[in-house]
1. Hey, can you tell me all the residues within the stretch 24-61 that are surrounded by fewer than 13 Cβ atoms within 10 Å (Cβ to Cβ) and of a type in the set (S, T, N, Q)?
2. Kindly evaluate S91 against the criterion of being without any contact (Cβ under 8 Å) to a residue 40 or more places away in the chain, assigned to a strand (DSSP E or B) and hydroxyl-bearing (S, T, Y).
3. Here are K22, K43, K78: which of them is part of a helix (DSSP H, G or I) and touching a helix residue (DSSP H, G or I) at 6+ places or on another chain (Cβ under 7 Å)?
4. Could you say which residue among V130, V71, V121 is aliphatic (A, V, I, L, M) and either on the phi > 0 side of the Ramachandran plot or touching an Asp or Glu at 6+ places or on another chain (Cβ under 9 Å) (or both)?
5. Here are the criteria: (1) touching a strand residue (DSSP E or B) at 6+ places or on another chain (Cβ under 7 Å); (2) at pLDDT below 95. Tell me which single one V103 does not satisfy.
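The values are calculated or read from the model by the stated rules, or taken from the named source; none is laboratory data. Since we're looking at a predicted model, the values are computed, not measured. Here the Cβ positions follow ideal geometry from the backbone for every residue, glycine too, while neighbour counts run over all protein chains shown.
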Amino acid sequence: MQLDETSIAIIHYLKDGRMPFKQIGDRLSLAEGTVRARVKKLKEEGVLQITGLVDPEALPDQSVVMVGVRVKDMDLVKKGEEFSKLRGVTSVCVVTGRYDLIVTVLLNTGYTILDFYTDEVSQITNVRSVETFVVYKSFDLKVPLSK
């Protein structure tokens, strides 16, 4: 889906996730129903997700690791989708450079990086190598609460 100026403006007003559709409509000279319909369509098409995010450093007993992944084949989108379904994964990016994928993983005391590799990554075929980067301090990183 290609975003037009109106959808971008609506998304801009939804940055805090709590602004009422009526107020957005008033600011953009749109009917509340128009805003509601556009947001619904954006959500249905997977372009927009309204969710609460938190600084992982504020979560007790949680840590974030970034995992650089090199794969054996070049079906990077498929591999990215596979990694995105693994427990603890909050995001996956197909990238250029040394790695094919960068995976962000949220861990806790009951779910370690060893568990992630042993229980989850081991199930994915054609992984050439992985390298873990433990996040000690982040700036502006926000993650969804783990399940």
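1. Across the stretch 24-61, the qualifying residues are S29, Q49, T51.
2. Values: without any contact (Cβ under 8 Å) to a residue 40 or more places away in the chain: yes; assigned to a strand (DSSP E or B): yes; hydroxyl-bearing (S, T, Y): yes.
So S91 fits the description; yes.
3. Numbers: K43 fails: touching a helix residue (DSSP H, G or I) at 6+ places or on another chain (Cβ under 7 Å); K78 fails: touching a helix residue (DSSP H, G or I) at 6+ places or on another chain (Cβ under 7 Å).
Only one candidate passes the filter, namely K22.
4. Values: V130 fails: either on the phi > 0 side of the Ramachandran plot or touching an Asp or Glu at 6+ places or on another chain (Cβ under 9 Å) (or both); V121 fails: either on the phi > 0 side of the Ramachandran plot or touching an Asp or Glu at 6+ places or on another chain (Cβ under 9 Å) (or both).
On inspection, the qualifying residue turns out to be V71.
5. Tallying (1) touching a strand residue (DSSP E or B) at 6+ places or on another chain (Cβ under 7 Å); (2) at pLDDT below 95, V103 fails exactly one: (2).
Conditions (1) surrounded by fewer than 16 Cβ atoms within 10 Å (Cβ to Cβ); (2) in contact with a Cys (Cβ under 8 Å, 6 or more places away or on another chain); (3) within 30 Å of I11 (Cα to Cα), marked per residue:
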| position | (1), (2), (3) |
| --- | --- |
| R70 | yes, no, no |
| G88 | no, no, yes |
| T104 | no, no, yes |
| Y111 | no, no, no |
| D115 | yes, no, no |
| N126 | yes, no, no |
